[in-house]
1. Among the acidic types (Asp, Glu) and either at pLDDT below 95 or in contact with a Ser or Thr (Cβ under 8 Å, 6 or more places away or on another chain) (or both): is that true of Glu219 in this structure?
2. Name the single residue that is surrounded by the most Cβ atoms within 10 Å (Cβ to Cβ) among those in the range 141-155 being more than 15 Å from the ligand (Cβ to nearest atom) and at pLDDT 95 or above.
3. Out of the residues in the range 115-134 meeting the condition of being part of a helix (DSSP H, G or I) and modelled with pLDDT of 95 or more, tell me which one is surrounded by the fewest Cβ atoms within 10 Å (Cβ to Cβ).
4. Against the definition (small (Gly, Ala, Ser) and over 27 Å from Phe211 (Cα atoms)), how does Ala115 come out, yes or no?
5. With the requirement that a residue be buried (at least 18 other Cβ atoms within 10 Å of the Cβ) and not in a helix (DSSP H, G or I), what does the range 19-31 give you?
6. Can you list residue pairs whose Cβ atoms sit under 6 Å apart, with the first residue in the range 124-146 being in contact (Cβ under 8 Å) with a residue 12 or more places away in the chain and the second being surrounded by fewer than 20 Cβ atoms within 10 Å (Cβ to Cβ) and assigned to a helix (DSSP H, G or I)? Count only pairs 6 or more apart in sequence or on different chains.
7. So, in the range 223-258, of the ones that are in contact with a strand residue (DSSP E or B) (Cβ under 9 Å, 6 or more places away or on another chain) and among the polar types (S, T, N, Q), which residue ends up surrounded by the most Cβ atoms within 10 Å (Cβ to Cβ)?
8. Quick check on this structure: which one of Ala248, Ala225, Ala231, Ala244 is touching a Leu at 6+ places or on another chain (Cβ under 8 Å), of a type in the set (Gly, Ala, Ser) and either under 30 Å from Ala80 (Cα atoms) or assigned to a helix (DSSP H, G or I) (or both)?
Amino acid sequence: MIPDSHAHLDLIEEETGTVVASALKAGVSPIITIAIDIPSSIAAINLAGTYDGVYCSVGIHPNDTGGVTPEDFDRLEELALSSRRVVAIGETGLDYYRDRSPAESQKQAFRAQAALAKRLGKPLVIHDREAHDDALELLTAEVHGEVPVIMHCFSGGREVLDECVRRGYYFAFAGPVTFKNSHVTREMASLVPSDRILAETDSPFLSPDPFRGKPNLPERVTLVAKAIAGARGISFEEMESRLAENTARVFGVPVEGA
Ligand code: NI
């Protein structure tokens, strides 16, 4: 099975049961549904409790940190402790591309979620968009290798990649790795150590080719996996084994074939 290590099931328009069944039919399971704010964390926990093969994170996305209060982080902790299906914290991080939330509130939310991940011993899912230097600096200051770090939809170049490899981070690739002009992303996907690579859809966003621009679905992680396998010069079957093993290890979830 190919796992989808990062989807937003609560943001997909189609009914979740249909989405999960269709993913399973395509050889995709489990799906980790990633939260972006408090209501989305609650929705993610409900979905993970309802459907087999669905696990979730709780967290607050850097684009949604504007009105966040300290009580919201207490609430996140309560939510994380309320269900065994919560397997990660985030997505958190920095987004300097869309400056929807002030940088300082993004950093505060990042610190609070890193602290939560450490208290609970759960991996931290990082969103880093045009903020590589600050994101790496915050990760140095707040995480110190105490919990696994997943660089979601990795968009860095060689220097950032080498630094993250040195730190033992995980790298998740999404739809952009399939785009014709994404040579750099494919090169980066070819350089990640085989025990640190993950595939994801970020659905309903980032549809891979040939669905670019359309709403995305977890089943299309197979196209992402195929593109990464192609970049690495390995078979789809070998890619599937690596993705299954890595997802099972980092999130502590069962994956068929791991
Ligand atoms: Ni996402």
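1. Yes: the conditions hold for Glu219.
2. Result: Val149.
3. Filtering the range 115-134 for residues that are part of a helix (DSSP H, G or I) and modelled with pLDDT of 95 or more, the one surrounded by the fewest Cβ atoms within 10 Å (Cβ to Cβ) comes out as Arg119.
4. yes
5. If the condition is that a residue be buried (at least 18 other Cβ atoms within 10 Å of the Cβ) and not in a helix (DSSP H, G or I), then Val28, Ser29, Pro30, Ile31 are the ones that fit.
6. Final answer for the pair search is His132/Val160; Glu142/Arg111; Glu146/Lys118.
7. Per the criteria, the residue is Thr247.
8. Ala225
The values are calculated or read from the model by the stated rules, or taken from the named source; none is laboratory data. Computed from a predicted model, the values in this text were never measured in an experiment. Virtual Cβ from ideal backbone geometry, glycine too; neighbours counted across all protein chains shown.
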